[in-house]
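Just so it is clear, none of the values below were taken in a lab; they were calculated from the coordinates. Everything numeric here is computed off the predicted structure, so don't read it as measured data. All Cβ positions, glycine included, derive from the backbone under ideal geometry; neighbour counts span all protein chains shown.
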């Protein structure tokens, strides 16, 4: 009876896959542009390459913040439709670029689409999924992102950079076309006082043979005709709106301060020190990393509705802190003072080169595998899931947009200061700093974060009103 609901979620998850392709494309596209010898060539220096990578997160931050206003006026469905357009336009501009400005405009456009759909996906899924499936489908957001990264790593190993951009077109194109077939969320329609359309949308999602009267009545009770979209002043004054917004921001903080980008920045050098020296060997190693992310995010999708959000985050944080502490120990034992550049998915950073101690190569490899697995079942997918769960509907446009923009802001800032952290704090100190943040996230979950497993959005909202 929920087949249409799964179809609707699949459609918007094409947007999450598109986000992954944009992230994964960077590591192959920029070296491809720099090394391209066939006409038409585009000359690009290292500083331009860094900004070409970084502009994706900067424009993603802008797109995420603007998404709240867009969805408030046109709804989740039409926001999903229009988010496909900047992806398509940007990818075509990149693929057929003749000048460097065309590459930058293309990256800015895809970044805006990335920010917009990153807001829409958790909100749409949170509003259309049943309480029994919301965790699984919400975690599908992260699953599709890492699947998109894996797809682009694979394509990047066999395609030139212009064809690589074209290979990312199917997902946003399908997102644009198929979004016309899905309904608007019942919650948004009720907020617009379109009650008959809201009930029809709910009936469509649950199946026309399903009795939706009780669920619709619960929605109607929580979204009365006098409920309006909250202003920033309303959110700041009202603790039932302010508290979930702050919780979602803190969850995004701990997602990024877990050190995921730090580990991914080091991935290439770790594999090189472990003996993966040729281009094909390094490509296979990075494909393996992305595959581990996909496998364990699938596990998260299958388990989060059974064991709950809090336990998933805590178990993941414990394992991440242990693996990050082990990383720090490895760098403490092997670090030298020589700096060399490494190109990451976001920008060019400097890191402390390690002597390849063959008797210790198992330590960073094992630590990286454990860390990625723990991140993929813990704070990685659940931070996005919480955005669509705990923020009340009348504050969702502003508070969820702020959380989305804040996530991209954290990515950009950490990338910007990462090189300085390595110099000031040393490699081992940087990893231990992230380990400490993982331990702090356990305190946050234990003292502040409510469990949302098996609860309807209306029940979650009521729990904040009672506090």
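Values for this structure:
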| read-out | value |
| --- | --- |
| Highest to lowest packing among 316-327, 171-182, scored as the average C-beta count within 10 Å | 316-327, 171-182 |
| Cα long-axis angle, helix 239-256 against the chain (0 to 90 degrees, to the nearest 10) | 20 degrees |
| Shape category assigned to the range 192-260 from the gyration tensor of Cα positions, a/c cut at 1.5 | oblate |
| Whether the range 395-461 is rounded, prolate or oblate, judged on the alpha carbon gyration tensor where a/c under 1.5 counts as rounded | oblate |
| Full-extension gain in nm, residue 51 to residue 214, via 0.36 nm per residue minus C-alpha separation | 53.4 nm |
| Order by protection proxy (mean Cβ within 10 Å, highest first), peptides 443-450, 114-121 | 114-121, 443-450 |
| By average C-beta atoms within 10 angstrom, highest first, the peptides 128-140, 382-394 | 382-394, 128-140 |
| For the range 108-185: rounded, prolate or oblate by the Cα gyration tensor [a/c cutoff 1.5] | prolate |
| Segment residue 72-residue 463, length gained on full extension (0.36 nm per residue, minus Cα span) | 138.3 nm |
| Average projection area in nm² (convex hull over Cα atoms of the range 231-329, one quarter of hull surface) | 9.1 nm² |
| On Cα atoms only, tilt of 213-222 relative to the major axis of the chain in degrees | 80 degrees |
